[in-house]
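Undergrad: One structure, pasted below without further comment.
The values are calculated or read from the model by the stated rules, or taken from the named source; none is laboratory data. Computed from a prediction, not measured in an experiment: that's the story for all the values here. FYI the Cβ positions are ideal-geometry reconstructions off the backbone, even for glycines, and counts take in every protein chain you see. With ligands, DNA and RNA removed, areas are computed over all heavy atoms of the protein, side chains included. Shrake-Rupley method; radii C 1.70, N 1.55, O 1.52, S 1.80 Å.
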Amino acid sequence: MNAPDEIIHQPIRLRIMAALTALPAEAEGIDFVHLKKLTGATDGNLGAHIEHLARAAYVAVDKAFVGRRPRTTVKATAGGRRAFERHVAFLRSVIDGATS
């Protein structure tokens, strides 16, 4: 049986990766404010989880200004997409094993 990805396994990081990998690979990503709404996390908590994913090279973070306002956009990397696919396969193997 595969093992869970300990980086992705945490609930908020799992939500982040699920949202990001639901987008096509060529998509721009999701901005911080939208990810905050999707995850229900606070600014600081979400920032810490994004940083954890970025250190693992699972996400790329782009910080820019739109007008005079800062905008942070997060995108799943190719490696992050593969890691998420492996984690989902692990979860499916658990589900399949429980229903057998």
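Undergrad: Taking +1 at the Cβ of each Lys and Arg and -1 at the Cβ of each Asp and Glu, which of HIS52, VAL74, ALA64 sits farthest along the dipole of the range 47-87 towards its positive end, judged by Cα position relative to the Cα centre?
TA: Of the candidates, ALA64 comes out farthest on the positive side.
Undergrad: Along the Cα-to-Cβ line of LEU23, 7 Å from the Cα, sits a label point; which residues in the range 64-81 have backbone N less than 12 Å from it?
TA: Within reach of a label on LEU23: 72-77.
Undergrad: Cα axis of helix 11-22 to longest principal axis of the chain: angle in degrees, 0 to 90, nearest 10?
TA: Taking the Cα atoms of the chain, the angle to 11-22 is about 80 degrees.
Undergrad: Still on this model: Output the relative contact order of the chain, whole-number percent, from Cα pairs under 8 angstrom with separation of 6+ residues. Please report the intermediate quantities before stating the final value.
TA: Working: 111 pairs, mean separation 36.3, N = 100.
Taking the mean separation of contacting Cα pairs over the length of the chain, I get 36 percent.
Undergrad: If you add up the charges near ALA18, with Lys and Arg at +1 and Asp and Glu at -1, over every other residue whose beta carbon is less than 12 angstrom from its beta carbon, what do you get?
TA: +2
Undergrad: Okay, next question. Based solely on its DSSP helices, what 222 nm [θ] is calculated for the chain when runs of n ≥ 4 H residues each add -39,500 (n - 2.57) and the sum is averaged over all residues, nearest 500 deg cm²/dmol?
TA: On the way: 5 runs with 59 residues, N = 100.
Value at 222 nm, helices only, nearest 500: -18000 deg cm²/dmol.
Undergrad: When ligands, DNA and RNA are left out and all protein chains stay put, how many square angstrom of accessible area per residue does the chain have with a 1.4 Å probe? Present the calculation step by step, with values, prior to reporting the outcome.
TA: Numbers: 6280 Å² over 100 residues.
Per residue, the chain has 63 Å² of solvent-accessible surface.
Undergrad: Here's something else I'd like to know. Rank by packing, highest mean first: peptides 37-50, 73-86, with packing defined as the count of other Cβ atoms within 10 Å averaged across residues.
TA: Values: 37-50: 15.3, 73-86: 17.2.
In descending order of packing, they fall as 73-86, 37-50.
Undergrad: To the nearest 10 degrees, how steep is helix 43-55 against the longest Cα principal axis of the chain, on a 0 to 90 scale?
TA: In the chain, helix 43-55 runs at an angle near 70 degrees to the longest axis.
Undergrad: So which aspartates and glutamates can LYS75 reach, going by Cα to Cα under 20 Å and dropping same-chain residues fewer than 8 places off?
TA: ASP5, GLU6, GLU26, GLU28, ASP31, ASP43, GLU51, ASP62, GLU85
Undergrad: State to the nearest 20 debye the size of the charge dipole of the chain about its Cα centre, where the only charges are +1 on K and R beta carbons and -1 on D and E beta carbons.
TA: Computed about the Cα centre, the dipole is about 300 debye.
Undergrad: Still on this model: For mean projected area of the Cα convex hull in nm², the listed values are (1) 5.2; (2) 7.0; (3) 5.8; which was obtained by calculation from the structure presented?
TA: Step by step, mean projected area of the Cα convex hull in nm² for this structure corresponds to label (2).
Undergrad: Here is a follow-up. GNM on the chain, C-alpha springs below 10 Å: top fluctuator among ALA60, ALA19, ALA89?
TA: Evaluated over the chain, the most mobile residue of the options is ALA89.
Undergrad: Taking amide H positions as placed in the peptide plane 1.01 Å from N, state which residues far from ARG71 in sequence (5 or more) or on other chains have amide H under 5 Å from it.
TA: ALA64, PHE65, VAL66
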